[in-house]
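A quick write-up on the structure given underneath.
Bear in mind that the values in this text are calculations on the coordinates, not laboratory data. This structure is a prediction, so every number in the text was calculated from the model and none was measured. Neighbour counts are summed over all protein chains in view; Cβ atoms, including those assigned to glycine, are modelled from backbone coordinates with ideal geometry.
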Amino acid sequence: MQLGALLPLGDIGGDPQVVSEYALAAENIGYDFIEAPDHVLGVNAASRPGWDRNDNDDLFHDPFVLFGYLAGCTTDLGFSTGVLILPQRQTALVAKQAACLDVLCGGRFRLGIGVGWNEVEFVGLNENFHNRGRRSEEQVQIMQKLWAEPHVSVKGRYHTIEDAGINPRPTSGRVPVWYGGHHERTLERVAKWGDGWMPNAYPPDQSALDVFAKLRSLTEAAGRDPAQIGIEVWVAMGEGEEADWAREARFWKAAGASHLCLTTTFNRRHHKRIAGDTMSDHLAALHRYHSAVAGEL
């Protein structure tokens with residue numbers, strides 16, 4: 001398994017020396033990748049009584065800009081979006097941005113995508129919130145064509161491209177597309193078009209084993225090899241000790257996970273954040289967790 005960490009921008013901030021220090025520390029400790037979430041717009045929570053999710057006080061760097069910067073600061077560290085909200089963006093533009101990043105970082109990038117939940121962002125970006133899932137299916141297929149072929153002609157339900165292409169294209173002819181989300185349709189999309197799935201809702205128990213088996217079955221039905229589909233699960237260390245984290249890592253490896261992503265700030269479902277919120281707290285957590293699970297990867 002590969003081991004990564006979710007960049008804790010909400011705690012440590014987003015100044016260039018801060019994000020580069022974190023990325024370099026993760027690389028030096030032995031992490032394989034870092035991951036960053038995505039939001040373009042944050043609401044003014046004061047005008048929305050009861051709002052309890054991301055608002056404009058929460059910091060989110062544009063992932064392509066962030067990883068383009070960090071690609072020049074690091075050598076081997078991989079990068080992943082966790083996740084980019086694809087249907088609130090123009091398809092050909094995302095394909096171009098992902099291809100450029102892939103070239104500039106030497107193929108170290110995975111494009112994690114989701115359909116989003118915040119209608120305010122879609123309104124502000126002039127995109128349709130209500131067809132976002134269906135539209136994302138066509139988006140992925142078009143991006144994969146743009147990465148693979150120098151010229152593309154498409155007349156789809158939501159897109160038209162008239163014999164045009166992007167340059168540069170990824171050296172390998174593809175950017176890995178990983179899906180986030182837990183809806184049944186998400187599993188179907190992974191099975192048909194995805195390179196991997198990024199669930200964070202399942203604890204290390206039978207519920208995870210059951211849904212992984214369902215994904216394998218859907219992948220086989222789509223005529224693809226389940227062994228070629230990666231699975232990234234989020235892990236946390238706000239509870240438990242080293243032996244517990246190592247036991248959990250063993251479970252995920254036996255279950256077929258290919259990637260673990262440590263989140264030190266996520267505090268939902270069964271995940272608990274760490275107590276501290278400074279850079280030193282987060283770097284100490286990276287060291288401690290890596291030491292606990294390195295032998296299980």
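Quick notes on this one:
- Listed by Cβ neighbour count within 10 Å, with the fewest neighbours leading, Asp281, Asp32, Asp102, Asp205 appear as Asp205, Asp281, Asp32, Asp102.
- Annotation: aspartates and glutamates with alpha-carbon distance below 14 angstrom to Lys214 (same-chain offsets under eight excluded): Glu184, Glu188, Asp225.
- Volume per residue of the C-alpha convex hull in the range 1-145, rounded to whole Å³: 124
- Sequence-distant residues sharing a close amide H with Ala5 (under 5 Å, placed H): Phe33, Ile34, Glu35, Leu262
- Between helix 91-104 and the chain: long-axis angle, C-alpha atoms, 0 to 90°, nearest 10: 50
- Listed candidates (1) 45; (2) 40; (3) 65 - label of the one calculated as percent of Cα pairs over 26 Å apart: (1)
- Computed lengthening from Ser20 to Asp281, 0.36 nm per intervening residue step minus Cα-Cα distance: 92.3 nm
- Candidate lysines - alpha carbon under 16 Å from Lys155, same-chain residues fewer than 8 apart omitted: Lys145
- The string of couplings for the range 32-49 from the Karplus curve (6.51, -1.76, 1.60, θ = phi - 60°) is 8, 7, 10, 10, 9, x, 9, 8, 8, 10, x, 6, 7, 5, 5, 8, 9, x Hz, one whole number per residue in order, with x for Gly and Pro.
- Amide H within-cut-off set for Gly112, under 5 Å, with H built and near neighbours excluded: Thr81, Leu84, Trp178
- Net lengthening on full extension, Leu125/Ser217 (0.36 nm per residue, minus Cα-Cα): 29.4 nm
- Residues whose amide H lies under 5 Å from that of Met198, counting only those 5 or more places away or on a different chain, are Tyr179, Gly180, Gly181, Glu232; hydrogens are built 1.01 Å from N in the peptide plane.
- Those residues of the range 208-246 whose amide nitrogen sits under 19 Å from the label point placed on Ala294, 7 Å along Cα→Cβ: 237, 241-246
- The chain - mean residue ellipticity at 222 nm from DSSP helices (-39,500 (n - 2.57) per run, n ≥ 4, rounded to 500): -12500 deg cm²/dmol
- Part-to-part distance (alpha-carbon centres) for the range 133-151 and the range 57-103, which is given in Å: 17
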